[in-house]
Amino acid sequence: MISQNIAGDYAVGSMVVFTNGKPDKNEYRKFKIKTISGIDDVGMMREVLYRRFNNNWPKPELILLDGGKGAS
């Protein structure tokens, strides 16, 4: 999953899916960030993961998150 924003505006998170080791582009999703305002990459990733797992999609075998160290 990838979070992306421009100075905290127009934030989205992306989900890519691989099935049997190959990209399954029909399963890719883009999530518009709804609950986070401003620049909060960790919060945005939390929202995307929450929304992904509260859906009725199959559970993944592996999850990769791309991001730096969150602010403390």
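The values are calculated or read from the model by the stated rules, or taken from the named source; none is laboratory data. Note that the structure is a prediction, hence the values are computed from the model and not measured. Positions of Cβ are backbone-derived with ideal geometry, glycine not excepted, and every protein chain shown enters the neighbour counts.
Within the range 1-15, restricting attention to residues that are at pLDDT below 85 and of a type in the set (S, T, N, Q), the residue that is nearest to ILE63 (Cα to Cα) is SER3.
Within the range 51-72, work out how many residues are at pLDDT 90 or above and either under 11 Å from GLY13 (Cα atoms) or touching a helix residue (DSSP H, G or I) at 6+ places or on another chain (Cβ under 6 Å) (or both). Selection size over the range 51-72: 2. Residue count for the range 35-50 under the criterion of being assigned to a loop (DSSP other than H, G, I, E, B), among the hydroxyl-bearing types (Ser, Thr, Tyr) and more than 12 Å from ASP9 (Cβ to Cβ): the result is 1.
Taking the range 16-49 as the range and being of a type in the set (A, V, I, L, M, F, W, C), out of contact with any strand residue (DSSP E or B) (no Cβ under 8 Å at 6 or more places or on another chain) and within 18 Å of GLU61 (Cβ to Cβ) as the test, the residues that pass are PHE18, LEU49. Scanning the range 33-54 for residues that are farther than 17 Å from LEU65 by Cα and exposed (fewer than 13 other Cβ atoms within 10 Å of the Cβ) yields LYS34, THR35, SER37, GLY38, ASN54. Applying the selection to the range 23-34, what residues are in contact with a helix residue (DSSP H, G or I) (Cβ under 9 Å, 6 or more places away or on another chain) and farther than 13 Å from TYR10 by Cβ? The one that is in contact with a helix residue (DSSP H, G or I) (Cβ under 9 Å, 6 or more places away or on another chain) and farther than 13 Å from TYR10 by Cβ: ARG29.
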